[in-house]
1. Return yes or no: is Gln54 outside any strand (DSSP E or B), modelled with pLDDT under 95 and surrounded by fewer than 19 Cβ atoms within 10 Å (Cβ to Cβ)?
2. Just one of the numbered conditions (1) on the phi < 0 side of the Ramachandran plot; (2) modelled with pLDDT of 90 or more is not true of Pro123; which one?
3. Looking at region 73-88 only, could you name the residues that are crowded, with 20+ Cβ neighbours inside 10 Å and small (Gly, Ala, Ser)?
4. Could you grab me the full set of residues in region 58-88 that are outside any loop (DSSP other than H, G, I, E, B) and modelled with pLDDT of 90 or more?
5. Please verify whether Asp229 is out of contact with any Ser or Thr (no Cβ under 8 Å at 6 or more places or on another chain) and either of a type in the set (Gly, Ala, Ser) or at pLDDT below 95 (or both), treating the condition exactly as stated.
6. Which residues, counting only those in region 140-157, are modelled with pLDDT under 95 and surrounded by fewer than 23 Cβ atoms within 10 Å (Cβ to Cβ)?
7. Looking only at region 129-144, which residues are part of a helix (DSSP H, G or I), in contact (Cβ under 8 Å) with a residue 24 or more places away in the chain and either touching a Cys at 6+ places or on another chain (Cβ under 6 Å) or not polar (S, T, N, Q) (or both)?
8. If a residue has to be part of a loop (DSSP other than H, G, I, E, B), surrounded by fewer than 24 Cβ atoms within 10 Å (Cβ to Cβ) and among the acidic types (Asp, Glu) to count, how many in region 210-247 make the cut?
Amino acid sequence: MKIIAHRAAIAVLAATLAGGAVHAQQPQPQNDGIPVTKLSRLRGLSGDAAQFDQQSKLQYTQLLGEAKEKGALVPDSDPRVQRLRAIAQRLIPHATRWNADAANWKWEVNLLDSPQVNAFCMPGGRIAFYSGILEKLNLTDDEVAMVMGHEIAHALREHARAQAGKTAVTSIGSRLLGAGLSAYFGVDPKLGEVGSDLLTQGVSLKYSRDDEGEADLVGMDLAARAGFDPRAGAVLWQKMGAENKNAPPVFLSTHPSGKNRISEMNKALPQVMPVYARTQNKTVASLPAYRTTPAPR
């Protein structure tokens, strides 16, 4: 299961354009929480940002049209759609802390009638959830916020553009290395090409895992500022682990293992818990224990 990655080319069912945009607001700056870092310079190697966003918009619109034809659209009046949009309205005002351009995004939040345990956010704030992730994992609002915050984080940190740039650089470098080694050892150049392809794939997977880790932390920060309990992150991944027992080994996956994610998120709790506590007008010590519903079996 891949819950998180930019899915600019995912062949998924998508939801309606009739949901309307959610408008971002400028948040008050805060010095606590997860530190903001600069966006990757490799984003520029993927081409013009406006063109990248336009391509994403066209793909999303196409997916929405296909979903409408297949009757996979969950109506705007559905309580589940209203729930998702209400959670988004709390998260989005804090998005500009991580990317100032988010203030001008035309946010959309849609729900797809599909049993898949999945969700995504395309560049420009185009969000979609699958009904399966809500129903199979029996998510609380805090856990939904962690999923949504994570997906939004991918868009805010422009991971899709950066990944495209990284892949281009890695591919060029690995092919030069493969050609050089082939010439030095006198082996068939085709073997060098195979080796360079494997190298590119392995490094790209690592880049994806790095992006996933960053999205986890940025998502926690967004959720905490919006008044959602960041302790839900660890619980979410415990549920995910129970649902996705046949996941590939971490070294062959674009996603960190559940145990690694939980460990890293727990390490970050001292940074985000004071942010969450402030939204509750409490101290961290006075916060009640996090409560969730049992993961489905």
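1. Details: outside any strand (DSSP E or B): yes; modelled with pLDDT under 95: yes; surrounded by fewer than 19 Cβ atoms within 10 Å (Cβ to Cβ): yes.
In short, yes.
2. Exception for Pro123: condition (2).
3. Ala88
4. Looking only at region 58-88, we keep the residues that are outside any loop (DSSP other than H, G, I, E, B), and these are 58-69, 73, 79-88.
Pro79, Arg80, Val81, Gln82, Arg83, Leu84, Arg85, Ala86, Ile87, Ala88, listed by residue number.
5. Working: out of contact with any Ser or Thr (no Cβ under 8 Å at 6 or more places or on another chain): yes; either of a type in the set (Gly, Ala, Ser) or at pLDDT below 95 (or both): no.
No, not satisfied.
6. Arg157 - this is the single residue of region 140-157 that is modelled with pLDDT under 95 and surrounded by fewer than 23 Cβ atoms within 10 Å (Cβ to Cβ).
7. Restricting attention to region 129-144, the residues satisfying the condition of being part of a helix (DSSP H, G or I) are 131-136, 141-144.
Filter once more, keeping what is in contact (Cβ under 8 Å) with a residue 24 or more places away in the chain: 131, 133-134, 136, 141-144.
Matches in region 129-144: Ile133, Leu134, Lys136, Asp141, Asp142, Glu143, Val144.
8. The total comes to 0.
The values are calculated or read from the model by the stated rules, or taken from the named source; none is laboratory data. If you're wondering where the values come from, they're calculated on a predicted model, not measured in any experiment. Note that each Cβ is placed from the backbone with ideal geometry, even for glycine, and that neighbours are counted across all protein chains shown.
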